[in-house]
1. Does residue 105 satisfy being at negative phi, open to solvent by less than 30 Å² (accessible area, probe 1.4 Å) and either over 17 Å from the mean Cα position of the chain (by Cα) or among the basic types (Lys, Arg) (or both)?
2. Restricting to the range 22-64, give me the number of residues that are within 15 Å of ligand 2 (Cβ to nearest atom), surrounded by fewer than 21 Cβ atoms within 10 Å (Cβ to Cβ) and among the small types (Gly, Ala, Ser).
3. Is it the case that some residue within the range 258-276 is under 15 Å from residue 335 (Cα atoms), away from ligand 2 (no atom under 16 Å from the Cβ) and open to solvent by less than 80 Å² (accessible area, probe 1.4 Å)?
4. Please work out which one of (1) in contact with a His (Cβ under 7 Å, 6 or more places away or on another chain); (2) within 15 Å of ligand 2 (Cβ to nearest atom) is the condition residue 133 fails and give its number.
5. Within the range 139-161, does at least one residue satisfy the condition of being of a type in the set (Asp, Glu), open to solvent by 30 Å² or more (accessible area, probe 1.4 Å) and farther than 22 Å from residue 29 by Cβ?
6. Just to be sure before I move on: is residue 189 more than 16 Å from ligand 2 (Cβ to nearest atom), surrounded by fewer than 24 Cβ atoms within 10 Å (Cβ to Cβ) and among the polar types (S, T, N, Q) in the structure I sent?
7. How many residues, within the range 63-81, are near ligand 1 (Cβ under 9 Å from one of its atoms) and in a loop (DSSP other than H, G, I, E, B)?
8. Return the total of residues in the range 138-153 being more than 9 Å from ligand 2 (Cβ to nearest atom), within 13 Å of the chain's Cα centre (by Cα) and under 20 Å from residue 20 (Cα atoms).
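The values are calculated or read from the model by the stated rules, or taken from the named source; none is laboratory data. The structure presented is a predicted model; accordingly, all values stated were derived computationally and were not measured. Quick reminder, even Gly has a Cβ in these numbers, built from the backbone with ideal geometry, and neighbours come from all protein chains shown. What goes into the accessible areas is simple: the full protein's heavy atoms, side chains included, and nothing from ligands, DNA or RNA. Shrake-Rupley method; radii C 1.70, N 1.55, O 1.52, S 1.80 Å.
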Amino acid sequence: KTEILKIQPDNIDSEKIKYAAEVLRGGGIVAFPTETVYGLGADALNENAVKKIFEAKGRPSDNPLIVHITGKESVDGLAAVVSPQAQVLMDRFWPGPLTLVVEKSGKIPSAITAGLSTVGLRAPSHPIALALIREAGIPIAAPSANLSGKPSPTASKHVIDDLYGRVDVIIDGGDADIGVESTVLDVTTDVPVILRPGGVSFEQLRDVLGNVSIDPSLMKKPSEDFVPRAPGMKYTHYSPKADVIVVEGEPQKVAEKINSLIMEYQSKNIPVGVLATEQTKELYKGIPYITLGDRLEPETIAANLFKAFRDFDDIGIKVILAEAINNEGIGLAVMNRMKKAAGYNIIKAT
Ligand code: TXA
Ligand code: MG
């Protein structure tokens, strides 16, 4: 039922792109690589096709989808208002990992926006994603191509594990480069608000805009009655099956704390794994650990995080002890995903 098309990002087979684009135009659903994570696409203007996405993922219908386009030339028909700030951001960051939330036009079906008056627009930079959207000639609604509740897919294997048999086509185009999702930025207000940190950093946005704020709910546990402005951010359990505990502090202290926690879990025969960094990996002996990367290169850590979550689940780890990193640059997105996966279970190592 599901066709897998292998396409090289640096040598794109246009026949395969044409085929996948035809499936999209016919109302089918196609998983494809982007520079952030894999997406599951459908014709954004076809309500029926959009509904198939929610079904295939098991996604709650109150969580809106991002509409993918080739660039600013496609914005006019989809957005009701495009502020000068939004124009500047498109020029600077598109194509790339930035989703702009704008007032929507009447063309956008309400299934996409979950009834909101706004829509998230993004032009991805991945050559396969761009070629597919261009060939299809329609805006493509696409959430991450994981089953709802699982970490976003950064490799075609993750998509196949989650969605084989549930979608029409899976394009295998290699590993996602960035590894965390796009930054979702609300540009409907005078001071734009980051609703989800991602591939474009707070610092990059501040350099361009001068003033940008961060939705205060992002780094802390939402209260019961709290309604986040990016509806997807309320689903904390898009995480590994294992329980995640984040440990913050000086790297050396963090490793000490994690080692003492390991002893506790091991004494209870609970399989435990560590998300370590280059700086600390030597400090974990005789337990499964995954080195996410160098603390000074948060891009590498971002690229490896979701795969590490899945790899630990695959080997039956029940508790993941994760070292916190700095919130700078893409580190903010890394920490947002880690803390959400942990259900905001955070320990300070002192
Ligand atoms: O990098 C990405 O953004 C990937 C790739 C495939 O492009 N897509 C992605 O989509 O992560 P999804 O559906 O997994 O996450 C979209 C996020 C959700 O948190 C959703 O609530 C928020 O964006 N969002 C979408 N439209 C919105 C809107 N109109 N207002 C506020 N938040 C919105
Ligand atoms: Mg998602």
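1. So residue 105 passes the test.
2. So the answer is 2.
3. Yes, the range 258-276 has at least one match.
4. (2)
5. no
6. For residue 189, the condition - more than 16 Å from ligand 2 (Cβ to nearest atom), surrounded by fewer than 24 Cβ atoms within 10 Å (Cβ to Cβ) and among the polar types (S, T, N, Q) - is met.
7. So the answer is 3.
8. Residues in the range 138-153 being more than 9 Å from ligand 2 (Cβ to nearest atom), within 13 Å of the chain's Cα centre (by Cα) and under 20 Å from residue 20 (Cα atoms): 2 in total.
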